[in-house]
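Student: The structure is given below, and queries will be raised subsequently.
The values are calculated or read from the model by the stated rules, or taken from the named source; none is laboratory data. Worth saying up front: this structure is predicted, and the values here are computed from it rather than measured. Cβ sites come from the backbone with ideal geometry, for glycine too, and all protein chains shown count toward neighbours. Ligands, DNA and RNA are excluded from the accessible area calculation, which covers all protein heavy atoms including side chains. Shrake-Rupley method; radii C 1.70, N 1.55, O 1.52, S 1.80 Å.
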Amino acid sequence: MQTAPPHTRPALPHLPWLLSRAAAPLPLAPVSVMLSALTRKLVQAHPAMLRRLGPHADRHVLIDPTDLPFALLMQPRTAQVRACRRNRLPAHDARIAGPLSAFLAMLHGAEDGDALFFSRDLTIEGDTEAVLALRNAIDDAELDLTETIATAAGPMGPGLRRALARAERISGLALHRMETTGDWP
Amino acid sequence: MMELVCPAGTPAALRAAVEAGAHAIYCGFADETNARNFPGLNFSREELAEGVAFAHARGAKVLVAINTFPRAGAEPLWHRALADAETAGADAVILADLGLLAHTAEHHPNLRRHLSVQAAAANPDAINLYAQAFGVRRVVLPRVLSVQEIAAINREIDVETEVFVFGGLCVMAEGRCSLSSYATGRSPNMNGVCSPASHVAYAEEGPELAARLGGFTIHRTPKGAPAPYPTLCKGCFTSAEQTGHIFEDPVSLDATQLIPALARAGVSALKIEGRQRSRAYVAQVVRSFRAAVEAQAAGQPLPESALARLTEGQAATTGAYAKTWR
């Protein structure tokens, strides 16, 4: 057997500590309402996601971006998202934890979910089937948060699209769908 | 040029594979007829037809894996899969079961037949029997053969051979491995899943990541070390005060640099593992291997592979092709 040295990619960006602290006092109810509305739009625009999820669409999955001051409890069937403090986590069927950048990269097809698991950037606990089904359904849907948000913003859409592209360049977060093979490293 | 056969677990991955330069894509239906029967994965009948149309419009082929072993009394599920693959316009089906091969030869004679790695045909006599009895046109060779053994096989057969060059590495003769059954009651051969997700549980226990399969702890990965897949063949066990990997370390196959040797050995097609992986994996791996087969065909030096970060163990091996057993 011949073993080659590992080829590593640049470390995933973490949210700056100051930004994370600034988000801490945010009231969770409006965050939950906004994220639920966004999730509803994504599910309505990509109905095949629920078909792929099958019975797993009813599971409660805790998305835990470790560099944000709150976690997100999500149920795909109802498209409900609830932001919650880590000292009062609600009951959940599965938990996926890692930096926000890992979730966004996986959602937009910039990084492979298994590779993020191998590298320990993402950890999973609980119902492994539900986590796999969710990962596969999202990957097939080819989601694009920038386009979804910009479209929903109506006349403010073009400006928002430019602002998000700028935020992506500055932060290193993947905020748009990988479109062509040239987008991948 | 050697044919590059690439995985797709979803329609999005199929499109990514085609756009990245796949000559052929293999995929399966969302049921136990294929050996990657994972939640949220695989194709409906409509998705397959659309995928075939997309691939054909861009000059790529679609191969449908129907490569599990039918349960007694449930054969119609596998027979329907065959008929539906033909209706969708599949270029070939990938089969392992003798009865299913016979059924296909009789009822779908124009549907090209490839022998799955699950059939574990590893010598010229077995391959020639499959070719003569069932009209098999291509054999996917088990991942337990050396390059010299592959060359010896190709000298004595008249059908094409396809070999794995990248991805998750089965260290057993596929189709004969029942390790997963001992811990979970389910196996790739019968149910299309090795280490089914329904029986897998991870837990952060102090600084370690514990992986359990069917209630048995099979890894304890230290902090910062790459996490492996939860398969028994790559488990890390303790016995008589010794701890180690009994069968194989958690590493993945990367035979990029062996492509010229495989070509000289008479191999027709190179296969990439990973129908359970994302379109990000598919796009990057396919693009890298397309560049490699083009370089090989042009007689140029092969590009250096930079794919190890996508693989289990985050390190690569040439597997049995250049194996020295410990």
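Student: Would you be able to say whether some residue in segment B:31-52 is out of contact with any Leu (no Cβ under 7 Å at 6 or more places or on another chain), under 22 Å from B:Tyr130 (Cα atoms) and touching a residue at least 12 places away in the same chain (Cβ under 8 Å)?
Tutor: Yes.
Student: So is B:Ala225 assigned to a strand (DSSP E or B), out of contact with any Pro (no Cβ under 8 Å at 6 or more places or on another chain), within 12 Å of another protein chain (Cβ to nearest Cβ) and open to solvent by 10 Å² or more (accessible area, probe 1.4 Å) or not?
Tutor: no
Student: Moving on to the next point. Filter segment A:28-37 down to residues that are loosely packed, with under 15 Cβ neighbours inside 10 Å and over 30 Å from B:Ser44 (Cα atoms) and give me whichever is nearest to the other protein chains (Cβ to nearest Cβ).
Tutor: A:Leu28
Student: Count, please, the residues in segment B:232-277 that happen to be closer than 26 Å to B:Thr161 by Cβ and among the β-branched types (Val, Ile, Thr).
Tutor: Residues in segment B:232-277 being closer than 26 Å to B:Thr161 by Cβ and among the β-branched types (Val, Ile, Thr): 5 in total.
Student: I've got another one for you. Which of the numbered conditions does B:Ala280 fail, given that it passes all the others? Conditions: (1) closer than 24 Å to B:Ser116 by Cα; (2) of a type in the set (A, V, I, L, M); (3) assigned by TED's automatic domain parsing to the domain that holds B:Pro39; (4) crowded, with 22+ Cβ neighbours inside 10 Å.
Tutor: (1)
Student: Let me spell it out: the conditions are (1) assigned to a strand (DSSP E or B); (2) under 30 Å from B:Glu46 (Cβ atoms), and A:Arg40 meets all of them except one. Which number is the exception?
Tutor: (1)
Student: Please give the number of the condition B:Leu310 fails out of (1) surrounded by fewer than 24 Cβ atoms within 10 Å (Cβ to Cβ); (2) touching a Phe, Trp or Tyr at 6+ places or on another chain (Cβ under 8 Å); (3) within 7 Å of chain A (Cβ to nearest Cβ).
Tutor: (1)
Student: Would you check if there is a residue in segment B:288-309 being in a loop (DSSP other than H, G, I, E, B), under 18 Å from the mean Cα position of the chain (by Cα) and among the hydrophobic types (A, V, I, L, M, F, W, C)?
Tutor: The first filter runs over segment B:288-309 and keeps only residues in a loop (DSSP other than H, G, I, E, B), leaving B:298-307.
Still in the running and under 18 Å from the mean Cα position of the chain (by Cα): B:307.
From the residues that got through so far, the ones that are among the hydrophobic types (A, V, I, L, M, F, W, C) too are B:307.
Checked against the condition, which is being in a loop (DSSP other than H, G, I, E, B), under 18 Å from the mean Cα position of the chain (by Cα) and among the hydrophobic types (A, V, I, L, M, F, W, C), segment B:288-309 yields at least one hit.
Rundown of residues vs (1) open to solvent by 10 Å² or more (accessible area, probe 1.4 Å); (2) within 20 Å of B:Asp84 (Cβ to Cβ); (3) not acidic (Asp, Glu), yes/no style:
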site	(1), (2), (3)
B:Val5	no, no, yes
B:Ala8	no, yes, yes
B:Arg15	yes, no, yes
B:Ala24	no, yes, yes
B:Arg36	yes, yes, yes
B:Glu47	yes, yes, no
B:Glu50	yes, yes, no
B:Gly59	yes, no, yes
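Student: Hey, which of the strands (runs of 3 or more DSSP E) in segment A:51-121, taking only ones fully inside, have at least 1 residues that are over 23 Å from A:Glu147 (Cβ atoms) and open to solvent by 20 Å² or more (accessible area, probe 1.4 Å)?
Tutor: A:71-75, A:80-84, A:94-98
Student: Sort through B:Arg220, B:Arg277 and tell me the only one that's closer than 30 Å to A:Leu134 by Cα and more than 8 Å from chain A (Cβ to nearest Cβ).
Tutor: B:Arg220
Student: Another one. If I filter segment A:122-139 down to residues being of a type in the set (D, E, K, R) and surrounded by 24 or more Cβ atoms within 10 Å (Cβ to Cβ), which single residue comes out as farthest from the other protein chains (Cβ to nearest Cβ)?
Tutor: A:Arg135
Student: So, in segment B:239-255, of the ones that are within 12 Å of chain A (Cβ to nearest Cβ), assigned to a loop (DSSP other than H, G, I, E, B) and in contact with a Phe, Trp or Tyr (Cβ under 8 Å, 6 or more places away or on another chain), which residue ends up modelled with the lowest pLDDT?
Tutor: Ranking the candidates gives B:Pro250 first.
Student: Among all residue pairs at least 6 apart or on different chains, which show Cβ distances below 6 Å where the first residue, located in segment A:39-67, is within 22 Å of A:Ser101 (Cα to Cα) and the second is at pLDDT 95 or above and acidic (Asp, Glu)?
Tutor: A:His60/A:Asp93
Student: To continue, here is another question. Being of a type outside the set (A, V, I, L, M), open to solvent by less than 30 Å² (accessible area, probe 1.4 Å), touching a residue at least 40 places away in the same chain (Cβ under 8 Å) and part of a loop (DSSP other than H, G, I, E, B) is the filter here; which residues of segment B:90-141 pass it?
Tutor: Matches in segment B:90-141: B:Ser116 only.
Student: Across segment B:256-287, what is the number of residues that are within 30 Å of B:Ala197 (Cα to Cα) and in a helix (DSSP H, G or I)?
Tutor: 9
Student: OK, next. Can you pull out every residue in segment B:64-89 that is surrounded by fewer than 19 Cβ atoms within 10 Å (Cβ to Cβ), of a type in the set (S, T, N, Q) and under 23 Å from B:Glu160 (Cα atoms)?
Tutor: None - no residue of segment B:64-89 is surrounded by fewer than 19 Cβ atoms within 10 Å (Cβ to Cβ), of a type in the set (S, T, N, Q) and under 23 Å from B:Glu160 (Cα atoms), so the list stays empty.
Student: Something else: Could you list, ordered by first residue, the pairs with Cβ atoms under 9 Å in which the first is in segment A:79-92 and free of Cβ contacts under 8 Å to residues at least 12 places away in the same chain and the second is β-branched (Val, Ile, Thr), at least 6 apart or interchain?
Tutor: Between residues of segment A:79-92 that are free of Cβ contacts under 8 Å to residues at least 12 places away in the same chain and residues that are β-branched (Val, Ile, Thr), there is no close pair.
Student: Only one of these conditions is not met by A:Arg162: (1) open to solvent by 50 Å² or more (accessible area, probe 1.4 Å); (2) at pLDDT below 95. Which number is it?
Tutor: Checking A:Arg162 against (1) open to solvent by 50 Å² or more (accessible area, probe 1.4 Å); (2) at pLDDT below 95, the one that fails is (2).
Student: Can I ask one more? Consider segment B:73-112. How many of its residues are out of contact with any Lys or Arg (no Cβ under 6 Å at 6 or more places or on another chain), charged (D, E, K, R) and within 24 Å of B:Ala55 (Cα to Cα)?
Tutor: Number satisfying all stated conditions: 2.
Student: Here is a follow-up. Is it the case that A:Ala165 is more than 22 Å from A:Val33 (Cα to Cα), small (Gly, Ala, Ser) and not assigned by TED's automatic domain parsing to the domain that holds A:Val43?
Tutor: Spelling it out, A:Ala165 is indeed more than 22 Å from A:Val33 (Cα to Cα), small (Gly, Ala, Ser) and not assigned by TED's automatic domain parsing to the domain that holds A:Val43.
Student: With the checklist (1) within 14 Å of chain B (Cβ to nearest Cβ); (2) at pLDDT 95 or above; (3) surrounded by 14 or more Cβ atoms within 10 Å (Cβ to Cβ) in hand, flag the one item A:His7 doesn't pass.
Tutor: Of the numbered conditions (1) within 14 Å of chain B (Cβ to nearest Cβ); (2) at pLDDT 95 or above; (3) surrounded by 14 or more Cβ atoms within 10 Å (Cβ to Cβ), the odd one out for A:His7 is (2).
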